[in-house]
Amino acid sequence: MGIWLVAAAEAYPPSVFGPASPTAGALWSLFLMVLAITGAIFALVGGFTVYSVIRFRSRPGDEGQEAPQVYGSNRLELAWTVLPLLIVFVIFLVVTRTVVSMRSAPPPSGTLLVRVIGHQWWWDFEYPGYHFPTANEMHVPVSTPQRPQAVLLQLESADVVHSFWVAQLAGKTDLIPGRVNTMSFVPAKVGVYHGQCSEYCGMGHSMMLILVIVEPQEDFQRWCAEQAKPAVQDPAQAQGAHLFFSKTCFNCHQIRGTLAAGNVGPDLTHLMSRQTIGAGAAANTPQNLTAWVSNPQAVKPGCHMPDLKLGPRDVRSLVSYLETLR
Ligand code: CUA
């Protein structure tokens, strides 16, 4: 089963092209500026090289002759030392100004705080203002001129160094064990944005995907209200629920409203509201969920969820139960 890449028709592939926040826009302008400078240098050097190759090529009668040899030229040496220094200095100044303006602006009032905890190999998103956790898919309200909205991420790690990168929204920021990093952005365009852990963190690194769903304020509030609810227990799924507790699933996972309160793996209270399983390893379909419960390693090699060696009947019961977690 390959990595599941496109979440929805309107999803933007991870790319620095097409910024959807002022922060990403500033990075995009920086990129264009550096590209213009280095492009001009490339054209100049390439042009001179091609000119010299043609202009001073070997002609009949040149055999045995040596071109005039020039030893030392203070003017030339000064030029090729000072000019690059100046160019690097200008780039340094512009980059510093952009980074400082990105980092130093205090979060405006009404900023949405999301605590992001990186795990091998999934993302724990906690909404302190709303008192619920979710995983791998972050919902944020769009910023509009009538209702400006900033998002502040508080980045932490449960194990090793990870890096949070959603190219259309902001630059990369590392999640470092024992440290709290922050990053902020203003989501300016409704859409589904893909991101990826961008610091090698072990076997499951390539399957540590992020979805950021930027949606209208009302949709976000509705989503929050749904997520904050405890799971509804369907008596018809008692067999699957029993398996969840007897097969030790509850040691690692939380289902709010039940005794399952583990925080080693993702919160499953509203599992079915998510588009993917295994942090983007597969689309959240009944078939994939069945494959995942049967043998997680086959879907996401190296993942920390063990193969519980369940028989097909138990897998069916468990999946039916999980499917009620809407
Ligand atoms: Cu987490 Cu790479």
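The values are calculated or read from the model by the stated rules, or taken from the named source; none is laboratory data. Values in this document were obtained by computation on a predicted structure and should not be read as measured data. Neighbour counts are summed over all protein chains in view; Cβ atoms, including those assigned to glycine, are modelled from backbone coordinates with ideal geometry. Accessible surface is based on the protein model in full, side chains and every heavy atom, while ligands, DNA and RNA are left aside. Shrake-Rupley method; radii C 1.70, N 1.55, O 1.52, S 1.80 Å.
So here's what we get for this one:
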| item | result |
| --- | --- |
| Long-range HN-HN contacts of T182 with modeled amide H, under 5 Å | L155 |
| P(r) histogram, all alpha-carbon pairs of the chain included - 10 Å bins from 0, percent | 5, 21, 26, 18, 11, 8, 6, 3, 2, 0 |
| Cα centroid separation - region 259-293 against region 113-137, whole Å | 14 |
| Residue-normalised accessible area of region 112-227, expressed per residue, 1.4 Å probe, Å² | 37 |
| Cα-based shape type of region 112-227, given that a ≥ b ≥ c are square roots of the gyration tensor eigenvalues and the cut on a/c is 1.5 | prolate |
| Mean residue ellipticity (222 nm) of the chain, computed from DSSP H runs ≥ 4 via -39,500 (n - 2.57), nearest 500 | -11500 deg cm²/dmol |
| Heavy-atom accessible surface of region 235-322: percent carbon and sulfur, 1.4 Å | 59 |
| Sparse-neighbour loop sites [trypsin sites (Lys or Arg not before Pro); region 39-109; at most 11 other C-beta within 10 Å; DSSP] | R57 |
| Qualifying chymotrypsin sites (Phe, Trp or Tyr not before Pro) in region 193-270, DSSP loop, other Cβ atoms within 10 Å at most 15 | Y200 |
| Zone residues, region 193-221, relative to D159, backbone N less than 14 Å from point 7 Å out along Cα-to-Cβ | 200-209 |
| Filtered GluC sites (Glu not before Pro), region 64-126: DSSP coil and at most 15 other beta carbons within 10 Å | E66 |
| Probe 1.4 Å - accessible area at D267, Å² to nearest ten | 10 |
| Per-residue HN-Hα couplings for region 155-172 [Karplus 6.51, -1.76, 1.60; θ = phi - 60°; Hz; x = Gly/Pro] | 9, 9, 10, 8, 9, 10, 6, 10, 9, 8, 9, 10, 4, 6, 10, 6, x, 7 |
| Residue-by-residue Karplus 3J(HN,Hα) for region 132-144, coefficients 6.51, -1.76, 1.60, Hz, glycine and proline x | 8, x, 9, 9, 6, 10, 9, 9, 9, x, 6, 8, 10 |
| DSSP H segments from the chain that extend 20 Å or more along their own axis, Cα-based, with Kyte-Doolittle mean of 0.5 or above | 22-55, 74-104 |
| Overall form of region 186-278 per C-alpha gyration tensor (a/c, 1.5; a/b vs b/c) | oblate |
| In sequence order, calculated HN-Hα J values of region 60-73 (Karplus, 6.51, -1.76, 1.60; Hz; x Gly/Pro) | x, x, 7, 3, x, 9, 9, 5, x, 9, 10, 10, x, 8 |
